[in-house]
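The structure appears below as structure tokens.
The values are calculated or read from the model by the stated rules, or taken from the named source; none is laboratory data. Small disclaimer: the values here were computed from a predicted structure and weren't measured. Don't worry about glycine lacking a Cβ; one is built from the backbone with ideal geometry, like all the others, and counts go over all protein chains shown.
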Amino acid sequence: MDHRPPAIFGLHGTRDLAERVAARLDVALAAHEEREFEDGEHKARPLEDVRGRDVYVVHSLHGGVNQSANDKLCRLLFFCGALKDAGAQRVTAVVPYLCYARKDRRTKPNDPITTRYVAEIFEAVGIDSLITFEVHNISAVENAFRIPTWHIEAAPLFAAYFTPLLTGVSAAAVAPDAGGAKRAEQFRLALEKLTGSDVASAQMEKFRSSGVVSGALLAGDVRGKVAIIVDDMISTGGTLVRAAEACRAAGAAHVMTVAAHGLFIGGAPRLFASPAIDGVAVTDTVPVTETVSQIAAPRLTVLDSSEALARAIGVCHAAG
């Protein structure tokens with residue numbers, strides 16, 4: 001077994017997060033090169049010897065202004081393939097935000113199951129294992145990937161953030177739809193453990209057909225409480241605004257929202273303009289753009305995910 005520390009690379013777009021992860025493991029980020037060609041093609045290669053090493057590549061697969069999710073997926077795949085060709089003993093893709101994780105089942109005839117296709121491509125280039133953070137449906141991801149998958153839940157991080165904010169007040173964990181009920185329940189239990197107080201639960205009704213969202217029923221008691229709406233990601237923010245307005249109508253004293261991944265499509269102006277929401281918290285798995293920072297301040301809090309990612313890498317490395 002290789003007893004050397006893990007080699008950690010951070011591709012462009014996720015380098016800041018990768019540096020913090022490496023620092024928590026007391027290792028320097030490994031050097032690599034990324035080149036762009038005039039026709040839009042690119043290449044990446046390690047600048048350090050990885051032969052026989054346990055290697056981790058940190059890259060979050062979200063779309064952005066300069067690179068689409070498809071661009072980032074290709075860069076990750078090609079770089080991991082290059083590491084295997086260079087003799088790396090094991091290559092683990094550390095993907096804080098996993099693209100196409102929402103497309104994990106057929107909702108209409110002949111629909112693609114893109115999560116499975118992504119998994120097959122990971123395996124085809126020789127990636128040995130996957131570490132990811134708060135995916136949309138962990139069961140679907142674990143079924144799609146045949147390689148070992150390490151999933152990091154965001155609930156402990158969320159609970160640690162909210163605990164000091166809830167001194168002397170009652171809280172309720174709210175799922176914005178039925179699909180998020182388990183995630184909200186994990187958060188509720190983690191929050192109860194840290195605060196030592198009972199935390200209520202509630203769930204918002206939601207139906208989607210041809211892109212149109214409906215449903216206005218809120219099941220659960222939030223009256224007089226701090227309602228905390230828990231989701232895996234924020235896209236445009238429309239789902240959270242609907243849930244927040246329902247919580248206000250049901251008598252919630254304050255409404256906070258928290259999600260692992262802040263995509264903030266179009267800057268999510270409706271979300272940050274909504275009087276129903278007192279604050280929004282996300283992690284740094286998707287970097288917050290300057291535009292969003294200007295729109296959101298001071299209502300947006302960004303939580304550091306590097307400790308959780310570093311811990312998962314440490315466990316994975318020790319497991320061999």
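Take the conditions (1) assigned by TED's automatic domain parsing to the domain that holds residue 15; (2) surrounded by fewer than 23 Cβ atoms within 10 Å (Cβ to Cβ); (3) touching a Pro at 6+ places or on another chain (Cβ under 7 Å); residue 295 misses just one of them, which is (1). Taken together, the criteria place residue 266 among residues that are touching a residue at least 24 places away in the same chain (Cβ under 8 Å), surrounded by fewer than 21 Cβ atoms within 10 Å (Cβ to Cβ), more than 30 Å from residue 88 (Cα to Cα) and not assigned by TED's automatic domain parsing to the domain that holds residue 58.
Taking the criterion of being within 24 Å of residue 21 (Cα to Cα) and among the charged types (D, E, K, R), the residues of region 257-304 that qualify are 284, 290, 304. Go through the residues of region 174-197 one by one and say whether even a single one is in the same structural domain as residue 227 (by TED's automatic domain parsing), of a type in the set (Val, Ile, Thr), under 18 Å from residue 253 (Cβ atoms) and touching a Gly at 6+ places or on another chain (Cβ under 8 Å). Yes, region 174-197 has at least one match.
Counting only strands (runs of 3 or more DSSP E) wholly contained in region 201-301, the ones carrying 3 or more residues that are closer than 24 Å to residue 64 by Cβ, within 23 Å of the chain's Cα centre (by Cα) and at pLDDT 90 or above occupy 226-234, 254-262, 279-283.
In region 21-36, what residues are farther than 17 Å from residue 306 by Cα and touching a residue at least 12 places away in the same chain (Cβ under 8 Å)? Across region 21-36, the qualifying residues are 31, 32, 33, 34. Of the residues that make up region 48-57, is at least one within 27 Å of residue 263 (Cβ to Cβ), within 19 Å of the chain's Cα centre (by Cα) and in contact (Cβ under 8 Å) with a residue 12 or more places away in the chain? Scanning region 48-57, I find at least one residue that is within 27 Å of residue 263 (Cβ to Cβ), within 19 Å of the chain's Cα centre (by Cα) and in contact (Cβ under 8 Å) with a residue 12 or more places away in the chain, so the answer is yes. When 93, 31, 82, 44 are checked against the criterion of being among the hydrophobic types (A, V, I, L, M, F, W, C) and within 18 Å of the chain's Cα centre (by Cα), 93 stands alone in meeting it. Scanning region 166-188 for residues that are in a helix (DSSP H, G or I) and in contact (Cβ under 8 Å) with a residue 12 or more places away in the chain yields a count of 11. Figure legend. Inter-residue proximity from region 215-239: first residues free of Cβ contacts under 8 Å to residues at least 40 places away in the same chain and on the phi > 0 side of the Ramachandran plot, second residues surrounded by fewer than 20 Cβ atoms within 10 Å (Cβ to Cβ) and part of a strand (DSSP E or B), beta-carbon distance below 6 Å, spacing 6+ or different chains. Indicated pairs: 215/207.
Within region 304-320, residues that are in a loop (DSSP other than H, G, I, E, B) reach partners that are modelled with pLDDT of 95 or more and hydroxyl-bearing (Ser, Thr, Tyr) with beta carbons closer than 7 Å, at six or more positions or on different chains, in the pairs 305/283; 305/285. If you go through region 219-231 and keep only what is crowded, with 21+ Cβ neighbours inside 10 Å and among the charged types (D, E, K, R), you end up with 225, 231. Pairing residues of region 1-20 that are among the basic types (Lys, Arg) with residues that are not in a loop (DSSP other than H, G, I, E, B), at Cβ distances under 9 Å and at least 6 apart in sequence or on separate chains, gives 4/54; 15/58; 20/306; 20/307; 20/309; 20/310. For residue 52, the conditions (1) crowded, with 17+ Cβ neighbours inside 10 Å; (2) in contact with a Gly (Cβ under 9 Å, 6 or more places away or on another chain) all hold with the exception of (1).
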